[in-house]
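Quick one: the structure is below, questions incoming.
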Amino acid sequence: MLWSGLLLLLLGVPIAWLLSLPAWRGQTLLEILVTLPLVFPPIAIGFFLLLLLGRDGWFSQMVPDTWQIELIFTFEALLIAAVIAGLPLVVKPIQTAWQQETRHLVEAAYCLGKTPLQTFFHITLPSILPALLAGLALGMGRGLGEVGMSLLLGGNLIGQTDTLSLAIYNSVLDGNFDCAMGYSVLLAAVAITLFLVLRYLARSPARS
């Protein structure tokens with residue numbers, strides 16, 4: 001979960017900034033790709049990623065043999081699934097914050113002679129921080145509960161590429177409802193704790 005949160009942060013902030021800029025060529029395509037996991041069935045996205053990243057997939061056919069990497073049925077595949085599932089929920093709040101307030105504040109800071117570095121740490125970051133933390137809470141929670149893409153990309157190998165959500169799925173298939181309930185309660189506790197911590201952090205700057 002920590003790795004997915006880090007990747008969501010590293011990818012979500014620059015993508016949100018690009019989408020908040022005035023219209024540029026390719027912006028609509030980028031927004032469609034980012035938003036797709038919200039409106040397209042995850043199992044279908046997982047199928048296309050399997051075709052793309054599989055051993056004989058489209059990507060493997062386009063790159064030299066020395067660049068070939070094994071992704072399917074690995075931890076990295078689960079990470080890709082979690083990040084893709086959560087990315088739109090990270091990007092959208094930050095994009096909205098940038099478009100509504102931050103751009104005008106940045107322009108005012110430049111007019112007052114502030115450097116780009118000063119502007120980022122004193123204006124941009126504080127103004128988008130609540131949206132960033134809220135987006136991270138939603139994105140990490142969404143990635144934690146992802147099943148469709150994780151099932152196809154990770155393979156649901158017990159003890160290797162199974163997640164909490166897949167463990168619930170496996171327990172239900174085995175008729176072990178007590179185990180499924182235990183995993184569900186644990187998943188709910190993790191999600192609620194994550195939400196409360198990030199909500200507290202989001203409100204902390206306002207108190208200081």
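What is the distance, in nm, between label points placed 7 Å from the Cα along the Cα-to-Cβ direction at Leu33 and at Val185?
4.4 nm
Another one. Across region 1-73, how large is the tail of the calculated P(r) beyond 19 Å, expressed as a percent of all Cα pairs? Working shown, then result.
Working: 1499 of 2628 pairs.
Summing the P(r) tail past 19 Å for region 1-73 gives 57 percent.
Ok, one more. Compute a Gaussian network model of the chain, connecting alpha carbons closer than 10 Å, and tell me which residue from Ala77, Ala137, Ala188 fluctuates the most.
Taking springs between Cα atoms under 10 Å, the residue moving most is Ala188.
On C-alpha positions alone, give me the angle between the axis of helix 27-39 and the longest principal axis of the chain, in degrees, nearest 10.
Helix 27-39 and the main axis of the chain meet at about 50 degrees.
Right, here's the next one. Note the angle between two axes, namely the Cα long axis of helix 125-144 and the longest principal axis of the Cα atoms of the chain, as a number of degrees from 0 to 90, rounded to the nearest 10.
10 degrees
Oh, and also: What's the Kirkwood radius of region 95-147 in Å, using all Cα pairs? Provide the component values of the computation, followed by the final result.
Values: mean 1/r = 0.0816 Å⁻¹.
Its Kirkwood hydrodynamic radius stands at 12.3 Å.
Something else about it: Report the full-extension gain for the segment Phe59 to Thr193: residue separation times 0.36 nm, less the Cα-Cα distance, to one decimal in nm.
Numbers: separation 134, 0.36 × 134 = 48.24 nm, distance 3.83 nm.
Residue separation times 0.36 nm, minus the Cα-Cα distance, leaves 44.4 nm.
I've got another one for you. Hey, any idea what the orientation-averaged projected area of the convex hull of region 91-208's Cα atoms comes to, in nm²?
On the way: hull surface 39.2 nm².
Taking a quarter of the hull surface, the average projection is 9.8 nm².
On the first, second and third principal axes, largest extent first, how far apart are the outermost C-alpha atoms of region 118-163 in Å?
So the three principal-axis extents are 48, 16, 15 Å.
Taking the Kirkwood radius as the inverse of the mean 1/r across Cα pairs, report the Rg/Rh of the chain. Numbers along the way, then the final one.
Details: Rg = 19.7 Å, Rh = 18.9 Å.
Ratio of gyration radius to Kirkwood radius for the chain: 1.04.
Suppose R0 equals 22 Å. What FRET efficiency, 1/(1 + (r/R0)^6) with r the Cβ-Cβ distance, do Phe75 and Tyr200 give to the nearest 0.05? Can you show the working numbers first?
On the way: r = 30 Å, r/R0 = 1.36.
After rounding, the FRET efficiency stands at 0.15.
Sticking with this one: Roughly how tilted is helix 42-53, in degrees to the nearest 10 and between 0 and 90, from the longest Cα axis of the chain?
90 degrees
Readers should treat all values here as calculations from the given coordinates under stated rules, not as data from a laboratory. These numbers were taken from a predicted model, which means no experiment stands behind them. Virtual Cβ from ideal backbone geometry, glycine too; neighbours counted across all protein chains shown.
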